[in-house]
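To keep things clear, I will list the structure first and then write my remarks on it.
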Amino acid sequence: MHLMALPYPIVQAPLAGGPSTPELAAAVSDAGGLGFLAAGYRSAEDLRADIKKVRAHTRAPFGVNLFVPTSDPVDQAAVDLYAAKLRGEAERSGVDLGVPRDDDDGWQAKLAVVAEERIAVVSFTFGLPSRAVIEGVRDSGAYVMVTVTTPGEAAAAHQAGADALVAQGIEAGGHRGGFTDDSGDYGLLVLLRLVLRSTPLPVVAAGGIADGEGIAAVLAAGAVAAQLGTAFLRCPEAGTSAAHREALSSYDRTAVTRAFTGRRARGLVNRFLEEYDDDAPSAYPQVHQLTAPLRAAARKSGDAGTINLWAGQGHRLSEEVPAGELVRRLGTEAREALTRATRRPFGH
Ligand SMILES: Cc1cc2nc3c(=O)[nH]c(=O)nc-3n(C[C@H](O)[C@H](O)[C@H](O)COP(=O)(O)O)c2cc1C
């Protein structure tokens with residue numbers, strides 16, 4: 001499929017770690033946007049079951065997003081030091097810290113699932129898959145998108161054979177999707193323009209967009225569609241925890257931090273982020289594994305101060321609306337905003 005064929009130029013961002021559900025993806029696709037299943041942190045078999053559930057709800061195309069295994073070097077001594085700092089947290093929560101281990105998030109098994117299930121759109125984040133992987137996925141019938149955060153990553157993804165790019169600005173909620181932990185901190189608008197000048201590929205714009213006017217802005221700047229994550233977190237179909245939902249409408253500031261996972265991600269500024277941001281090393285997925293029991297316990301007890309409350313800078317624009325209704329509303333608002341913009345006097 002091509003993204004220009006979507007009834008609405010709206011992509012629901014893959015939302016790993018709980019918010020992604022088959023119901024959310026199905027509702028978005030059914031309404032004319034592009035729903036996504038986040039494969040991250042799921043087993044290959046759970047992913048396959050999720051795909052079947054989406055198909056039971058809708059015949060519309062949808063996407064699956066995969067984490068590319070990371071190859072950043074990890075300083076084990078720094079991970080051990082961070083674990084020592086977190087020991088008091090674990091004692092207070094009555095849990096043991098997780099044990100860091102090698103983990104490629106089931107890369108090969110999930111590649112096999114997306115090929116066998118013939119998924120319409122497959123997007124990658126956290127890295128650049130090899131040309132062979134990209135071609136293999138495309139041969140199964142998928143449209144292949146790669147997440148980029150710099151013009152350099154965009155050029156490399158074009159070279160490797162991607163069909164389209166997801167340009168993620170620094171405003172975005174959740175993990176930075178670049179090829180390395182320290183890649184780009186470009187704002188979305190400038191990233192979009194630089195990428196569109198330097199590669200011929202269609203570009204989906206992501207980061208801080210949460211209403212129709214924001215979608216209109218990136219379309220005017222040349223994007224083929226807008227990818228919204230935080231805007232969908234409060235939909236009833238999403239699996240977002242109750243504490244996270246509440247925080248989205250009551251917390252103010254967001255920041256980019258490694259405190260929760262060892263890889264830069266934007267979240268609402270809470271107690272844990274403030275206390276550990278300075279100490280956290282660049283070590284993904286080791287830090288993610290260390291803190292997982294702490295975060296699970298906090299989600300259970302509703303302790304928003306200890307959960308990773310991923311959110312983009314536009315989180316206060318998000319509303320509690322069913323996903324299909326949200327897609328239709330955003331689409332209408334975007335069209336109206338584009339029409340309004342063309343009515344403004346220009347030149348003579
Ligand atoms: C809770 C949450 C989980 C996310 N999980 C993923 C993911 O699994 N894969 C991915 O490519 N991006 C993920 N992202 C990032 C989104 O793809 C997207 O870049 C971001 O949501 C855009 O910014 P916004 O949240 O301000 O709309 C996630 C974002 C959030 C908020």
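Structure values in brief
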{"read-out": "Contour excess over end-to-end distance, with Cα ends at residue 156 and residue 317 and 0.36 nm allotted per residue", "value": "54.6 nm"}
{"read-out": "Farthest positive-ward along the chain dipole, Cα basis, beta-carbon charges - from 261, 41, 9", "value": "9"}
{"read-out": "Most mobile listed residue (300, 110, 53) in the chain, GNM with C-alpha springs under 10 Å", "value": "300"}
{"read-out": "Contact order relative to length of the chain, as percent, for alpha carbon pairs under 8 angstrom and 6 or more apart", "value": "20 percent"}
{"read-out": "Within the range 239-305: Cβ-based charge dipole about Cα centre, in debye rounded to nearest 20 (Lys, Arg +1; Asp, Glu -1)", "value": "320 debye"}
{"read-out": "Separation between Cα centres of the range 171-241 and the range 75-133, rounded to whole Å", "value": "23 Å"}
{"read-out": "Residue-normalised accessible area of the chain, given per residue in Å² at a 1.4 Å probe", "value": "42 Å²"}
{"read-out": "Residue among 273, 317, 248 with the largest mean-square fluctuation in a Gaussian network model of the chain, springs linking Cα atoms under 10 Å", "value": "317"}
{"read-out": "Extension gain (nm, one decimal) between residue 138 and residue 1, 0.36 nm per residue minus Cα-Cα", "value": "48.2 nm"}
{"read-out": "Separation of the residue 333 and residue 56 label points, Cα + 7 Å toward Cβ, nm", "value": "3.3 nm"}
{"read-out": "The chain - percent of accessible surface contributed by carbon and sulfur, probe 1.4 Å", "value": "51 percent"}
{"read-out": "Accessible area (Å², 1.4 Å probe, nearest 10) - residue 194", "value": "70 Å²"}
{"read-out": "Magnitude of the charge dipole, the range 2-54, Cβ model with Lys/Arg +1 and Asp/Glu -1, debye to 20", "value": "60 debye"}
{"read-out": "GNM top mover of 267, 173, 98 - the chain, alpha-carbon springs below 10 Å", "value": "98"}
{"read-out": "Helix-derived mean residue ellipticity, 222 nm - over the chain, DSSP H n ≥ 4, -39500 (n - 2.57), to 500", "value": "-12500 deg cm²/dmol"}
{"read-out": "Dipole moment magnitude, nearest 20 debye, the range 1-135 about Cα centre, only Lys, Arg, Asp, Glu C-beta charged", "value": "500 debye"}
{"read-out": "Spin-label pair residue 116/residue 72, simplified geometry with 7 Å Cα→Cβ offset, distance in nm", "value": "3.2 nm"}
{"read-out": "Relative contact order for the range 20-176, counting Cα pairs under 8 Å that sit 6 or more residues apart, in percent", "value": "20 percent"}
{"read-out": "Dipole of the chain, positive direction: furthest Cα of 289, 338, 202, with charges on the beta-carbon", "value": "338"}
{"read-out": "Rounded to 5, percent antiparallel among DSSP beta bridges of the chain", "value": "20 percent"}
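The values are calculated or read from the model by the stated rules, or taken from the named source; none is laboratory data. Owing to the predicted nature of the structure, the values given are computational and were not obtained by experimental measurement. We place every Cβ from the backbone using ideal geometry, glycine too, and count neighbours over all the protein chains shown. These accessible areas exclude ligands, DNA and RNA; they are computed on the full protein's heavy atoms, side chains included. Shrake-Rupley method; radii C 1.70, N 1.55, O 1.52, S 1.80 Å.
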